[in-house]
């Protein structure tokens, strides 16, 4: 596709609702590149780096290696973060939590995830994801934008740009954040769901956890809906005139965003109205499902957004960064997220939506097998580990009941089926019917894509 021609076209033909409709038509003519398996994505991002060693990557032989030094032959000179670079010793510490096999697939899952254990035959567990970043911000940015350096479009923005919007009265890309019950965790910046150098109409819309999900849903006192319609129509005429004069695509964006805001005055109140939801369905997401701002509530909202045609839904849950106090902190994060994530998969399946909805769970990297800081009989922590970590995917063309990838006895290095971050992104796009090498945008003199110049579809993950 030719993004500059597309961008210039929108700039020269900004016509309010017509521009948005024409944009959808233009997307439909160029994408998808082939028949998609998934129509939409729900990405459950666990910010901070969940420990694969406590959750999915079972290493029973570590019990006999407790407090022994991590061999140099395993570490192989890996660079360390500033938090453990001054350590003179790197004692191995096994998980304190029990693992069991579950389902027909026999997947090993920790006792911390009893609800996820019930859906192992519906998900694909990937134990061999790896990244290039060792600190939070570049690692999260890399997962979300394909680059460790800020400024690139997010994956949700790429999907909105390439595939357009399915919903007519909700954004194509919605973001929700739950803080976790701890200290709040690492910061999450709006640029993580930004559109970068793509037109800003494709950036994610963040729903707030307190008050109205979106500001200014209500008109001022004495200002009727007809007044708002007339106001927007007049404003649109002025913007169209300026767009014709300047050819600036951001004016087209402004027109479409004003119109979307008008539509959301009706769609968002209906979205968050749970009175027609089955109490049983709500309760399946856990005791916090009726409390706005919680991960459970956001998972329920994600299903409702998916039903209403939102293309890309991103849920961030914070505070998975356990440098210390892991035996106390990690169970709390699991309790907040385990039941809602599993319920979401089950709910989508029960409604006939799992086959064309891709659900993704995972953080920005894993954790080290060695203890960071002081190791005691009751406490330990783990540092950042980019060499291998675990994610899972479900629905949308993913092979269910699969465990992909292996790591060594220390859970430190990948020994089979490595999946690079760009491979993961290429696979997500493939399931959405997009060839990751062809969805590009020309900026600063060259064509950019989400996967930069790397990435290959992880074929073994495909059903």
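Every read-out reported here was derived from the displayed coordinates using simple, explicitly stated rules and does not represent laboratory data. No experiment lies behind these values; they were computed from the predicted model shown. Cβ sites come from the backbone with ideal geometry, for glycine too, and all protein chains shown count toward neighbours.
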> Sorted by packing (mean other beta-carbon atoms within 10 Å per residue), highest first, where do 259-272, 188-201 land?
Replying inline: 188-201, 259-272
> Taking R0 as 51 Å, what's the FRET efficiency between residue 406 and residue 444 from their Cβ-Cβ distance, rounded to 0.05?
Replying inline: 0.80
>> For a test of the definition: using alpha carbon positions, the gyration tensor, and the 1.5 limit on a/c, classify segment 153-293 as rounded, prolate or oblate.
In response: oblate
> Using the Cα gyration tensor of segment 163-245, with a ≥ b ≥ c the square roots of its eigenvalues, what is the shape: rounded (a/c below 1.5), prolate (a/b larger than b/c) or oblate (neither)?
Replying inline: oblate
> In degrees between 0 and 90, to the nearest 10, how far off the longest principal axis of the chain does helix 3-12 point, with axes built from Cα atoms?
Replying inline: 30
>> Compute the helix-to-body angle for 17-30: its Cα long axis versus the longest principal axis of the chain, expressed 0 to 90° and rounded to tens.
In response: 50
>> Rounded to whole Å, give me the distance from the Cα center of segment 115-139 to that of segment 169-244.
In response: 30
> Which three extents, in whole angstrom, do the alpha-carbon atoms of segment 264-313 cover along their principal axes, largest first?
Replying inline: 28, 22, 17
> Counting DSSP beta bridges with both partners in the chain, what percentage is antiparallel, nearest 5?
Replying inline: 45
>> Tell me the angle of helix 295-307 to the major Cα principal axis of the chain, expressed in degrees between 0 and 90 and rounded to the nearest ten.
In response: 40
> Of [x] 22.8, 74; [y] 26.4, 99; [z] 24.7, 101, which is the value of Rg and Dmax of the Cα atoms in Å derived from the coordinates here?
Replying inline: [x]
> If we count other beta carbons within 10 Å of each Cβ, what is the order of 255, 313, fewest first?
Replying inline: 255, 313
> Along the Cα-to-Cβ line of residue 349, 7 Å from the Cα, sits a label point; which residues in segment 390-427 have backbone N less than 20 Å from it?
Replying inline: 391-404
> Does segment 344-463 come out rounded, prolate or oblate, given a ≥ b ≥ c as the square roots of the eigenvalues of its C-alpha gyration tensor, rounded meaning a/c under 1.5 and, failing that, prolate meaning a/b above b/c?
Replying inline: oblate
> By per-residue mean of other Cβ atoms within 10 Å, what is the highest-first order of 71-80, 317-326?
Replying inline: 317-326, 71-80
>> Let me check the size of segment 365-408 from its C-alpha atoms; what are the radius of gyration and Dmax in Å?
In response: 15.1, 45
> What is the packing order of peptides 152-158, 378-384, taking the mean over residues of other C-beta atoms within 10 Å and listing the highest first?
Replying inline: 152-158, 378-384
